[in-house]
Every structure is written in C-alpha cells, then in structure tokens.
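Nothing in this text is a laboratory measurement; each read-out follows from the coordinates by a stated rule. Owing to the predicted nature of the structure, the values given are computational and were not obtained by experimental measurement. Methodologically, a virtual Cβ is constructed for each residue, glycine included, from the backbone with ideal geometry; neighbour enumeration extends over all protein chains shown.
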Amino acid sequence: MKSAYDIILKPVITEQSMEAADAKKYVFFVDVNAKKPEIKAAVEEIFGVQVEKVNTLRMEGKKKRQGAYPQGRRASYKKAMVKLTADSKAIEFFEGMV
C-alpha cells in the first residue's frame, strides 16, 4: 500500500492556483494511478484538514523534439484540485505565498 507521500507528489505553484487558495482550493501533482478517495485521505493525513471535494485531471505530455529526429514526449502527469470544508483550517504551506 502506498503512503500519503507517494500519492501527493508536490504542490502546483502558479498564479491561478495561488488565487484559488483564498477560497480554500489547493492544487497538487499526484500519482497517475491515484484515485479520488486515496487523494482525499492523503491530503487529510499530511496536512490535518477536512477535504470536501476532489477533482482530478490527467495531462498528457507535450510532444517535443530536438533537431529532426527523434520526436519524444514529456512525461504525462495528473493534477488534483482539492477543496476544503468551510470549517477546516487553511493549509499553512500556501499561506506565505499569496
């Protein structure tokens, strides 16, 4: 069985995700094979918060090449958008970045 740190890989630090942090919505890169209940349990275990909803999005790697050949791809990944309950505390990691 995977640990919570194997499921949640790293936070997504972008302008759009930081604006959503004010509404208690956070974005993470997660394991490609992770399911929504596993992501919810991992976020609750790591950060000690209550998760209301989890949305996931699979992103296919972009096609890239150098010169004429060979054409390759960047790695595919999965993102999870996590919304916390209204009475839950905010995730402290994101507070200093807004």
Which value in Å is the Kirkwood Rh of the chain over different Cα pairs?
14.5 Å
Filter the cross-link list K25/K62; K10/K62; K2/K64; K2/K83 down to pairs whose alpha-carbon distance in this structure exceeds 29 Å.
K2/K64
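Where in region 45-87 are there trypsin sites (Lys or Arg not before Pro) that are in a DSSP coil and have at most 15 other Cβ atoms within 10 angstrom of their Cβ?
Numbers: sites: K53, R58, K62, K63, K64, R65, R73, R74, K78, K79, K83; in loops: K62, R74.
Here the trypsin sites (Lys or Arg not before Pro) that fit, given the DSSP loop and packing criteria, are K62, R74.
GluC sites (Glu not before Pro) within region 15-96: which are DSSP loop residues with at most 13 other Cβ atoms inside 10 Å?
Details: sites: E15, E19, E38, E44, E45, E52, E60, E92, E95; in loops: E60.
Hits after loop and neighbour filter: E60.
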Zone of K64 (label point 7 Å along Cα→Cβ, backbone N under 20 Å): which residues in region 26-45?
29-32
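At most 15 other Cβ atoms within 10 Å and a DSSP loop assignment: could you name the trypsin sites (Lys or Arg not before Pro) in region 1-39 that fit?
Numbers: sites: K2, K24, K25, K35; in loops: K2, K24, K35.
Taking region 1-39 and a limit of 15 other Cβ atoms within 10 Å, the loop trypsin sites (Lys or Arg not before Pro) found are K2, K35.
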